[in-house]
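Coordinate-derived values only; no laboratory data. Everything numeric in this text was worked out from a predicted model, so none of it was measured. All Cβ positions, glycine included, derive from the backbone under ideal geometry; neighbour counts span all protein chains shown.
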Amino acid sequence: MNIKTIDRGYDDFIKRLTNRPRAVTVGVHAQEGAAAKEGDDGGITVAEVAAIHEFGLGSVPQRSWLRDFVDENADKLRKMLAASMREAAAGKLTHEEAMNRFGLAVVGMIKKRIVAGIEPELKPATKAAKERITGGPKDTPLILYGQLLSSIVHRLRESRT
């Protein structure tokens, strides 16, 4: 008895689903933060500045630019990620391309949120100090030189599972 197997894409489909050893992370990653310095503040890294604002420290109030964003957009992010993975499963994109598109979209959304302004507002003394430094009004929290904003990126990494 001869058995003939006809593969109509099943093997390729399984390969696309199982050959996905990457995850995406979004934020200020330590390697960027370690290399960049924020202003004349004694050598604090951008990653440290990001963490200080995210959680608050001393007289710096919490301005969650990442956790609050994720909490506010959890359903939307799940749907975006699911759509990206469907495209990868259908073979329209590689898994890496799908994850990169998702990461870039999330980075853009976070940056847009920061530019729109994150509560609480700056204190009058902070606004005045920013104006002296830049020569013009700077009312937006988390933005002075743009280093924090430009350090928010996505990275693909090996999955831990």
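Count the net charge of all other residues whose Cβ sits under 15 Å from the Cβ of LYS123, scoring Lys and Arg as +1 and Asp and Glu as -1. Cβ neighbours under 15 Å give a net charge of +1.
State the volume of the convex hull built on the alpha-carbon positions of region 82-161, expressed per residue in Å³ and rounded to an integer. Please list the in-between numbers first.
Details: hull volume 10.4 nm³, N = 80.
For region 82-161, the hull spanned by Cα atoms encloses 130 Å³ per residue.
Here the Debye sum runs over all C-alpha atoms of region 10-158 as equal scatterers in vacuum, and log10 of I(q)/I(0) at q = 0.10, 0.13, 0.17, 0.18 Å⁻¹ comes out as -0.44, -0.67, -0.98, -1.06. Straight-distance candidates among the lysines for linking to LYS4, with alpha-carbon spacing under 30 Å and chain neighbours fewer than 8 residues away dropped: LYS15, LYS92.
Can you sort MET85, MET99, MET1 so the residue with the fewest Cβ neighbours within 10 Å comes first?
Working: MET85 17, MET99 23, MET1 2.
Exposure proxy ranking, most exposed first: MET1, MET85, MET99.
Of interest is the spacing of the C-alpha centroids, which for region 40-78 and region 90-161 amounts to 10 Å.
The trypsin sites (Lys or Arg not before Pro) of region 46-142 meeting both criteria, a DSSP state outside H, G, I, E and B (loop) and at most 11 other C-beta atoms within 10 angstrom of the site's C-beta, are LYS92.
Given region 63-127, report the % of alpha carbon pairs whose separation exceeds 18 Å. Display every interim value, and only then the final one.
Values: 997 of 2080 pairs.
Within region 63-127, distances greater than 18 Å cover 48 percent of Cα pairs.
Where the alpha-carbon atoms of region 45-96 are placed on the principal axes, they occupy 51, 24, 7 Å, in descending order.
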